[in-house]
Structure formats: C-alpha cells, structure tokens
Ligand SMILES: NC(=O)c1ccc[n+]([C@@H]2O[C@H](COP(=O)([O-])OP(=O)(O)OC[C@H]3O[C@@H](n4cnc5c(N)ncnc54)[C@H](O)[C@@H]3O)[C@@H](O)[C@H]2O)c1
C-alpha cells in the first residue's frame with residue numbers, strides 16, 4: 001500500500017516531486033501558499049505525463065490539493081518540503097509540520113543552498129532528528145539523482161529511511177554524509193563552471209567553444225563513465241603527473257567570477273535578456289529548451305525500458 005506523502009510547495013520543483021511520488025503509487029497531499037500555483041499543479045503534471053506517454057488520470061487520482069499545511073501533513077508518513085529558498089520560511093514550515101504530522105513522520109527538505117542543519121537548529125530534538133536533506137534535481141520527474149543529506153542532529157534510522165524511500169520510487173539516491181554547501185552535485189558542477197568562466201574571461205576561448213568541448217568530449221562519456229572510474233582506468237600515476245603540471249594554473253578564486261559581475265552590470269543576465277556568456281535569439285532559446293527536454297525524456301524512456309527488461 002502507498003504511503004501518505006505531504007509535499008509543501010507546488011512550484012517548479014514541488015509539483016514534479018509530487019508527481020514522482022504519485023507515479024510510484026504513493027498518495028500525495030499537496031499544499032502551496034499560492035492558491036494559483038496549487039491549482040495549476042494538476043495541469044502541469046498532466047502535461048509532463050503526456051510527454052512521457054503516460055495516462056494522467058491514475059496518477060492525478062493519487063494527488064489531493066490541500067487548503068492548508070496542517071491538512072496536508074496531518075496523517076503523513078513523509079513531509080517533503082519544496083517551498084521558496086528562505087531559511088525563516090523553511091524553519092516556520094517545519095515547526096508547524098512537526099507539531100501536526102505524526103511524531104514518527106520523516107521530514108525532508110529540498111533546499112539547494114541552505115544548510116539542512118540550520119533549518120533544523122531551532123526545532124525540538126524529537127523533530128530535528130527526523131529532518132533529512134532530500135535534494136532533487138530539476139526536472140525532478142526526469143533526473144534520477146536525489147541527494148540524501150545528513151545533519152549533525154539526524155537519527156541514522158531516518159537517513160536510511162529517506163534513502164530507501166527514494167530508491168523505492170525508482171530514483172537513484174546517494175548518501176551525503178556531511179551537510180556541506182552544494183552537497184555533491186553542485187560542488188562538482190560549479191567547480192567546472194568556475195574554470196569555464198575563468199577561461200572565457202582570460203580570452204582562451206568563448207562560451208560557445210566551452211559548450212562544444214564539454215558536449216563533444218567528456219560530456220558524452222560522463223553518462224556512461226564516472227570521473228572516479230575514469231581516473232582508475234587511466235592509471236593513478238598518470239593522473240597524478242597531469243595534476244602536478246595542471247593544477248598550479250587552474251582557477252582557485254574564492255569569489256564569484258568578475259566576468260559575471262561585468263555581464264550582470266551590463267544587463268546581460270542570460271536568456272532573459274537574450275545575452276549572457278553567449279548571445280541568443282528567441283528561437284534558439286526555444287530550440288535549446290526543447291532539445292534538453294527531448295533528451296531527458298529519451299534517457300527516462302531508456303531507463304524505464306531497462307528496468308522492465
Ligand atoms: N529550481 C531548481 O532547479 C531547484 C533544484 C533543486 C532544489 N531546489 C529547491 O527547491 C525549493 C523550491 O524551488 P522551486 O524552484 O520549486 O521554487 P518555486 O518558486 O517554483 O516554488 C516555491 C513555491 O513555494 C511556495 N511557498 C512559499 N511559501 C510557502 C509556504 N509557507 N507554504 C507552502 N508553499 C510556500 C511558493 O508559492 C512557490 O510556489 C527551493 O528550496 C530550491 O532551492 C530548486
């Protein structure tokens with residue numbers, strides 16, 4: 001029988017997280033402080049299910065929209081928070097949720113940048129021992145990875161419960177043993193972005209070249225060969241030699257890139273202004289979004305076919 005999952009926040013991430021639980025057979029109670037966002041959720045889920053070639057009705061029948069946070073969490077086994085990125089707001093949500101939800105409910109936060117430990121700091125011990133970072137990636141329905149993040153207050157039983165729950169819905173959980181900024185995925189991604197911006201700023205190449213280099217070389221390999229498998233295949237002594245020549249010249253700044261500061265000051269903020277690191281036409285923006293969505297759907301279809309084999 002499905003669990004009762006309360007999802008708090010029905011925005012970009014929340015409606016997709018709710019859909020992922022409902023697709024796996026769980027009963028979801030969804031709440032958002034914005035009535036408009038809440039009401040739009042079923043339509044957004046139906047559109048996503050249509051893209052996946054799945055019937056919407058059985059999934060949507062497991063999603064109930066709730067008029068208050070208390071209604072959503074009252075009988076929940078799991079409270080999954082995906083509300084706006086604000087510490088005071090998240091603390092208030094978990095304070096209210098932990099008073100109303102059953103005393104053994106798993107509490108999860110989808111924050112991307114606020115330490116989970118800080119969100120739990122002012123909660124009673126009986127609640128913060130159940131609060132886990134459950135960090136999904138956008139779009140949550142299509143990206144398998146979910147980072148399960150420990151805190152200094154967490155009861156290991158709840159860490160494992162969160163891991164197994166996410167695994168049971170067909171996602172790929174990983175354990176993040178320390179509550180560090182960026183968890184694992186964003187630390188890796190932004191290390192690369194820091195070096196890329198630094199090379200563009202130094203005139204080594206332009207943004208288009210960076211994208212071409214990544215997409216037509218190790219970007220292709222990365223979905224079939226992780227970097228740690230890679231260094232072992234190459235041989236560690238060679239990797240060490242490469243690092244001894246290369247590392248002294250890599251970007252090590254602890255500040256955001258000055259290139260970003262200059263572009264932002266010039267109003268070049270990305271596709272929103274049709275120029276960021278690269279220049280865009282409206283057609284290219286639409287084409288890029290479609291290419292990403294089609295590519296991720298194709299990956300999801302392949303994963304499903306693999307599981308059903
Ligand atoms: N967008 C991403 O790519 C991404 C990826 C991973 C994690 N996250 C994290 O997920 C969370 C949600 O991000 P998003 O991109 O879905 O933002 P969003 O703005 O699309 O959605 C946030 C929703 O929270 C609602 N909200 C605000 N206060 C609330 C309250 N008291 N109770 C219930 N709902 C409330 C808002 O009305 C809004 O609909 C953030 O913590 C964000 O850091 C985002």
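Output the peptides 270-282, 140-152, 63-75 sorted from most to least packed, where packing is the average of other Cβ atoms within 10 Å over each peptide's residues.
The densest-packed peptide leads the list: 140-152, 63-75, 270-282.
Could you give the radius of gyration (one decimal) and Dmax (whole number) of the Cα atoms in the range 45-111, in Å?
For the range 45-111, the Cα-based Rg and Dmax read 14.4, 40 Å.
Expressed as an acute angle from 0 to 90° and rounded to the nearest 10, what is the orientation of the C-alpha long axis of helix 282-308 relative to the principal long axis of the chain?
The angle comes out near 60 degrees.
Which three semi-axes in whole Å describe the equivalent ellipsoid of the range 1-85, each the square root of 5 times a Cα gyration tensor eigenvalue, listed largest first?
The three semi-axes for the range 1-85 are 18, 15, 10 Å.
Report, in cubic angstrom per residue, the convex hull volume of the C-alpha atoms of the range 185-278.
124 Å³
In angstroms, what radius of gyration and Dmax does the range 4-176 have, counting Cα atoms only?
Here Rg and the maximum Cα pair distance are 14.6, 45 Å.
Using alpha carbons only, how many degrees (0 to 90, rounded to 10) separate the axis of helix 35-51 from the longest principal axis of the chain?
Between the helix axis and the principal axis of the chain, the angle is about 60 degrees.
Arrange 290, 29 by Cβ neighbour counts within 10 Å, fewest through most, would you?
With the sparsest Cβ surroundings first, the list reads 290, 29.
So what does log10 I(q)/I(0) come out to for the chain at q = 0.10, 0.11, 0.13, 0.15 Å⁻¹, using the Debye formula with one equal point on every Cα and no solvent?
Computed log10 I(q)/I(0) values: -0.67, -0.81, -1.09, -1.32.
Per residue, how much space in cubic angstrom lies within the convex hull of the C-alpha atoms of the range 140-231? Spell out each step's value before the answer.
Details: hull volume 12.5 nm³, N = 92.
Output value, Cα hull per residue: 136 Å³.
Return the whole-Å distance between the Cα centroid of the range 147-186 and the Cα centroid of the range 15-64.
With the range 147-186 and the range 15-64 each reduced to a Cα centre, they are spaced 24 Å.
How big is the Rg/Rh ratio for the range 132-194, C-alpha atoms only, Rh by Kirkwood, two decimals? Could you put the intermediate results ahead of the total?
Values: Rg = 12.0 Å, Rh = 12.2 Å.
My calculation of the ratio gives 0.99.
Tell me, rounded to the nearest percent, the portion of alpha carbon pairs in the range 85-165 spaced more than 22 Å apart.
Cα-Cα pairs in the range 85-165 separated by more than 22 Å: 19 percent.
Mind checking the alpha-carbon convex hull of the range 74-221 and giving the volume per residue in Å³?
Hull volume over Cα atoms, normalised by residue count, gives 130 Å³.
Sort the following peptides by mean Cβ neighbour count (other Cβ atoms within 10 Å, averaged over residues), highest first: 201-210, 76-85.
76-85, 201-210
Order these peptides, 169-177, 261-269, 248-256, by their mean beta-carbon neighbour count within 10 angstrom, highest first. Write down the numbers at each step before the final one.
Working: 169-177: 15.3, 261-269: 12.3, 248-256: 9.3.
Per-residue mean Cβ counts within 10 Å order the peptides as 169-177, 261-269, 248-256.
For the chain, what is the mean residue ellipticity at 222 nm derived from helices alone (per DSSP H run of n ≥ 4: -39500 (n - 2.57); sum divided by total residues; nearest 500 deg cm²/dmol)?
Result for the chain: -15500 deg cm²/dmol, rounded to the nearest 500.
Every read-out reported here was derived from the displayed coordinates using simple, explicitly stated rules and does not represent laboratory data. A quick note: this is a predicted structure, and the numbers were derived from the prediction, not measured. All Cβ positions, even for glycine, are placed from backbone atoms using ideal geometry, and neighbour counts span all protein chains on display.
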